[in-house]
C-alpha cells in the first residue's frame, strides 16, 4: 500500500508540474529533444559512443589531439513575418555566445561551484558564419523567407510533423549540404492550435546515429531549430548552446526517464557520463544549490545545476564537463567528419610563454611585446565574434604593433601561434 501511495503522489506531482510548465511555456519553453524521441537503438548507439569517446580513436585523417580546435561553418535560415525582417544582431549575439561557451570564455563560468571546477572543460570548438554559399558565391551567412506560417506543434505530436520549416515545399527553407554546414533554422514555434510556444528549440543528433524512429531518415532534417523569440532580448541565452550539445551527441543530464516511472527505479536513469552527477529528472528553471535529487552510495555530489544539458535556464547554465566535451569531439570527428576543419594540432600552456599585449581596450593600435627569448616564425590571428578571421599578421620583431584600424568597435580574440601552428598565447581584446 505504501508503494502504491508513493507512486500516486509522484504521478500527481508530475501532472501538476506538467500543468505548471505549460502555463509558463510562453516565457520559458523547453527543449524539444526529450524522452519521447528515443528508442532502444539510439540509446544503444549512445552508450557505445560514450565508451568509444573515452578511448584513443582514429579516423582516416589520423589521430586528433585533444587540443585540436574544430572549426564548424554555420548558416542561419530565417522564416519570418513580413513585418519583422531578420535582425542581423541576432546572428552576432548568437555566435558570440556559443563561441564563448564552447571555448569556456563565457563570463558566468565564475558562478560554477568549486566542487565542480575540476570537471569543467574547454570544448575547443569554434563556430564560423559562412561568407560563401554552396556555389562559392559571396554570402552574408543567412537565408530568409517572408511567411505567415508558424511551425509549432503540441506536446506528444508525431515527430514527423516537426520539420516543415526545413522544406521549401512546406513553407520553409531547404538546408544547405548538412554534411558540410551546421544549418540553424529560426522561425515561430508557436502552436497554431493552442497559440502557445512549448519548445525554445530542438536538434537532431549526429546524422549517422540511429534516428530514434523518426519519420525522415535522410539528411534533409539534420540541424537545429530555434524559436524566433530565443534572442528577442539583450540578456544571455544558452538555448543554442544546449541544442548544439544535442547536435553533437549529448543527452540531457537526467538521461530522460519516462514520464511515469516506478519509485523503485528512481535515479537509475542517467546520461552514461561519470562526471555529470545523477539527477532524478530535468531541473526546471532553478538555481537552488541545495538540490541533491539522487543520493549516490559513493562519491555523492549535488545536482550539477550549472550544466548546459540541464533545464536550469540561462541564469544558471555555464559549463560542459570533460566527458561531455570528449563525447562531442568524438561525434564531430567520427560521425560528422566533413563538417569541421582542424585548425590547431597542439596547445602550449600559456603560463610558460610570457608576452604583454596592450593597451586593452585599444584605439586601433595593439602592442605585442615578447618577454621570452624571441625567434622568427610567429603569427597573430584575430577573430571576430562570428568566429571569422579578420586579421592575420606575421610577427617579425620582439616588439610589434598590430594595426586594427579597419575593425569595428567590439570584442575580438587574439591568438598567437608559432611556425608549428601551436598556440602560444590567446586573449580577448576590445577595439574602442
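Summary table
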| read-out | value |
| --- | --- |
| Subset of the stretch 387-405 [assigned to a loop (DSSP other than H, G, I, E, B) and either at pLDDT 90 or above or not assigned by TED's automatic domain parsing to the domain that holds residue 368 (or both)] | 404, 405 |
| Residue in the stretch 341-364 that is out of contact with any strand residue (DSSP E or B) (no Cβ under 8 Å at 6 or more places or on another chain), at pLDDT below 90 and part of a helix (DSSP H, G or I) present | yes |
| Residue among 144, 120 that is in the same structural domain as residue 304 (by TED's automatic domain parsing), touching a strand residue (DSSP E or B) at 6+ places or on another chain (Cβ under 7 Å) and surrounded by fewer than 17 Cβ atoms within 10 Å (Cβ to Cβ) | 144 |
| Search result, residues across the stretch 161-193 that are under 24 Å from the mean Cα position of the chain (by Cα) and in a helix (DSSP H, G or I) | 164, 165, 166 |
| Residue within the stretch 382-391 that is buried (at least 18 other Cβ atoms within 10 Å of the Cβ) and more than 20 Å from residue 102 (Cα to Cα) present | no |
| Matching residues, the stretch 110-122, being touching a residue at least 60 places away in the same chain (Cβ under 8 Å), assigned to a helix (DSSP H, G or I) and over 20 Å from residue 327 (Cβ atoms) | 111, 115 |
| Cβ-Cβ under 8 Å pairs, at least 6 apart or on other chains, the stretch 369-380 side over 9 Å from residue 417 (Cβ atoms) and assigned by TED's automatic domain parsing to the domain that holds residue 401, far side part of a loop (DSSP other than H, G, I, E, B) and modelled with pLDDT of 80 or more | 369/398; 370/398; 374/397; 374/398; 376/396 |
| Criterion: more than 30 Å from residue 302 (Cβ to Cβ), surrounded by 12 or more Cβ atoms within 10 Å (Cβ to Cβ) and at pLDDT 95 or above - qualifying residue of 75, 92 | 75 |
| Residue within the stretch 311-323 that is at pLDDT 90 or above, within 23 Å of residue 205 (Cβ to Cβ) and out of contact with any strand residue (DSSP E or B) (no Cβ under 9 Å at 6 or more places or on another chain) present | yes |
| Members of the stretch 407-422 that are within 24 Å of residue 94 (Cβ to Cβ) and either assigned by TED's automatic domain parsing to the domain that holds residue 130 or outside any strand (DSSP E or B) (or both) | 407, 408, 409 |
| Per-region count, the stretch 238-274, residues buried (at least 20 other Cβ atoms within 10 Å of the Cβ) and either on the phi < 0 side of the Ramachandran plot or at pLDDT 90 or above (or both) | 20 |
| Residue check, residue 158 touching a residue at least 40 places away in the same chain (Cβ under 8 Å) and either buried (at least 19 other Cβ atoms within 10 Å of the Cβ) or touching a strand residue (DSSP E or B) at 6+ places or on another chain (Cβ under 9 Å) (or both) | no |
| Some residue of the stretch 127-139 being in a loop (DSSP other than H, G, I, E, B) and touching a helix residue (DSSP H, G or I) at 6+ places or on another chain (Cβ under 9 Å) | no |
| Matching residues in the stretch 365-386 - criterion: being modelled with pLDDT under 90 and more than 15 Å from residue 426 (Cα to Cα) | 371, 372, 373, 374, 375, 376, 377, 386 |
| Residue list for the stretch 236-260, restricted to those being in a loop (DSSP other than H, G, I, E, B) and either within 18 Å of residue 326 (Cβ to Cβ) or free of Cβ contacts under 8 Å to residues at least 12 places away in the same chain (or both) | 248, 249, 250, 251, 252, 253, 255 |
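The values are calculated or read from the model by the stated rules, or taken from the named source; none is laboratory data. Keep in mind that this is a model prediction, so the values were computed, not measured. FYI the Cβ positions are ideal-geometry reconstructions off the backbone, even for glycines, and counts take in every protein chain you see.
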